[in-house]
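To start, the structure under review is shown below, and the notes come after it.
The values are calculated or read from the model by the stated rules, or taken from the named source; none is laboratory data. As the structure is a computational prediction, the values presented were derived from the model and not from experiment. Reconstructed Cβ throughout: ideal geometry from the backbone, glycine too, with neighbour counts over all protein chains shown.
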Amino acid sequence: MIMKKIILVLAFGWAASGISSCCKGGTGGHASLTCNVFHHAKPIPGATVYIKYNASDFPGASTSSYDAHLTAGNTSNQVIFDNLNCGDYYLYGIGYDSSLMLPVTGGLHFQIKYSERKSAETTTVPITE
Amino acid sequence: MADAEFRNTKHRIQKSQDHSFKFHFFILASVFCFLASPLFSQELFPTSEPASTMPKGVIGVRFQDEAYQEVNQIRNAATLRVMYGLFSRLTVMANFTETNHHSEDFPPGLAFHIHNGNQSIYSTGNFQRGLAYPYLFSGIDLYAKFRFLSLDGEQKHFRMAFYAEASDVNVAHDEAEPDLLEDTKGYGGGLILTTLYNHLAVSFTTGFIRPGKYEGYSPDLYGGPMIQTDLTYGKAWKYDLSFGYLLLPNHYHTYNELNLNLYLEFKGKTWTEASIVQYGFKNLPIQTPLLESGNYVDVFPGIQILLKSNTRIDLSVGLPLLNESYTHFYPVYALGIQHYFYHPNKKQDLVVP
């Protein structure tokens, strides 16, 4: 009887920890995600960040593979995606490093957990030549 | 009654002068337990699982610690294991492990790139060993073992079991070699063959490990923000050979008698090269043996005492025999303390004159 209770508690804990994986990345939620684009320590103004909903692996370099995108202002390296659900997102940044005179790109997976479904989240998007 | 299942007693119990009904009933019950799913003390290997399973309804709790010195740091992996005999042929267990083996981020130097003019050179490399890391909860490993064959004879048996395990471990493990208990998430399975003849038990375990990837962060050499780094560990095949010898007692007189077992275990593993990706699409060349494919065999001589048939204490030392693992330094000291909880109504004590 005690063992059954232990198993139930473990199963419950396991299920609870998996709630965030039940979230599905997309719009319609109450979370926001601020993305700051950097090449090493250098902010990249005017960078564009593409977002793929419900994805944890790199969707590819083709921008048509993404669901939405935002472009930072000429003097800013920051974009903000609003109204997001908890879940998985793949972010892909594209910019231009004027000091190297080279295009720079890079991506990362970002997860908004269930407990963060109403939070304002921030991440850096490191990009490279 | 379940005490008998942890001892090689059936053929050592001397005939008692007590001819009471209760005594005879107990002897019959002991024989039944022996035939059902006995677990002999010399096959309670310190670092491997035998093909034998726990009796139904028995709960076991184990604390184990593996420690070694890495440069000036003492590394520990402490595991709490809860075991349960779900059926006479099926044992399940859950392992909860905490270690100071890793940080939450990958160490500097493991994955990086440098600029040379307009060229960027991506690489992987060795990193400083002996860094101080905090104790982190590594995760949970679930394990199940099903005994599908039992050929039992007089003071001998041969058993086979399948096992399967899955783990949800999330630490910044920085070598290709996977380990589902404390280093990498993933799943695995395999086969266990165990034979016992008189005082000697021999067991062979072989199986696969399919680790998942760890999504961590690496420091930027140029002072920028941490760079997301996905490390996919190597797929592995493990092969362990264990010998156990019941040194004491020669003949059982009581179930409370202390057992002394000697062990010699060979633990081997072969794994494939890891892969490491940064920025989502940069596959870094593997240029460190830490992330390359490899193999090794360690040897673990060990000693064990079993108290009152339900408490065991193991001490073993891991040494390299063929090649070396990069996941630990040598020697590895392993301590295990395990206790079985029997159903109170089944707990018996038998003293045989």
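Values for this structure:
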| read-out | value |
| --- | --- |
| Residue count for segment B:125-147, restricted to those that are surrounded by fewer than 17 Cβ atoms within 10 Å (Cβ to Cβ) and either within 12 Å of chain A (Cβ to nearest Cβ) or under 12 Å from residue B:96 (Cβ atoms) (or both) | 1 |
| The one condition in (1) closer than 30 Å to residue B:83 by Cα; (2) surrounded by fewer than 18 Cβ atoms within 10 Å (Cβ to Cβ); (3) modelled with pLDDT of 95 or more; (4) among the polar types (S, T, N, Q) that residue B:345 fails to fulfil | (3) |
| Residue, nearest to the chain's Cα centre (by Cα), within segment B:99-124, restricted to residues that are crowded, with 18+ Cβ neighbours inside 10 Å and outside any loop (DSSP other than H, G, I, E, B) | B:99 |
| Members of segment B:333-345 that are touching a Lys or Arg at 6+ places or on another chain (Cβ under 9 Å) and not aromatic (Phe, Trp, Tyr) | B:336, B:337, B:338, B:339 |
| Test: residue in segment B:109-119 that is over 20 Å from residue B:272 (Cβ atoms) and away from every other protein chain (no Cβ under 14 Å) | yes |
| Single residue of segment B:252-301 satisfying the filter (of a type outside the set (Val, Ile, Thr) and within 14 Å of another protein chain (Cβ to nearest Cβ)) that is nearest to residue A:126 (Cα to Cα) | B:279 |
| Tally, over segment B:209-251, of residues that are away from every other protein chain (no Cβ under 14 Å), surrounded by fewer than 19 Cβ atoms within 10 Å (Cβ to Cβ) and of a type in the set (Phe, Trp, Tyr) | 4 |
| Any hit, segment B:320-332, residues being away from every other protein chain (no Cβ under 14 Å), under 30 Å from residue B:221 (Cβ atoms) and of a type in the set (S, T, N, Q) | yes |
| Test for residue B:316: is it at pLDDT 95 or above, away from every other protein chain (no Cβ under 14 Å) and closer than 16 Å to residue B:44 by Cα | yes |
| Tally, over segment B:234-249, of residues that are among the hydroxyl-bearing types (Ser, Thr, Tyr) and over 20 Å from residue B:163 (Cβ atoms) | 1 |
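Table: residues versus (1) within 11 Å of chain A (Cβ to nearest Cβ); (2) surrounded by fewer than 17 Cβ atoms within 10 Å (Cβ to Cβ); (3) touching a strand residue (DSSP E or B) at 6+ places or on another chain (Cβ under 6 Å).
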position	(1), (2), (3)
B:64	no, no, yes
B:68	no, no, yes
B:71	no, yes, no
B:76	no, yes, yes
B:79	no, no, yes
B:83	yes, no, yes
B:87	no, yes, no
B:95	no, no, yes
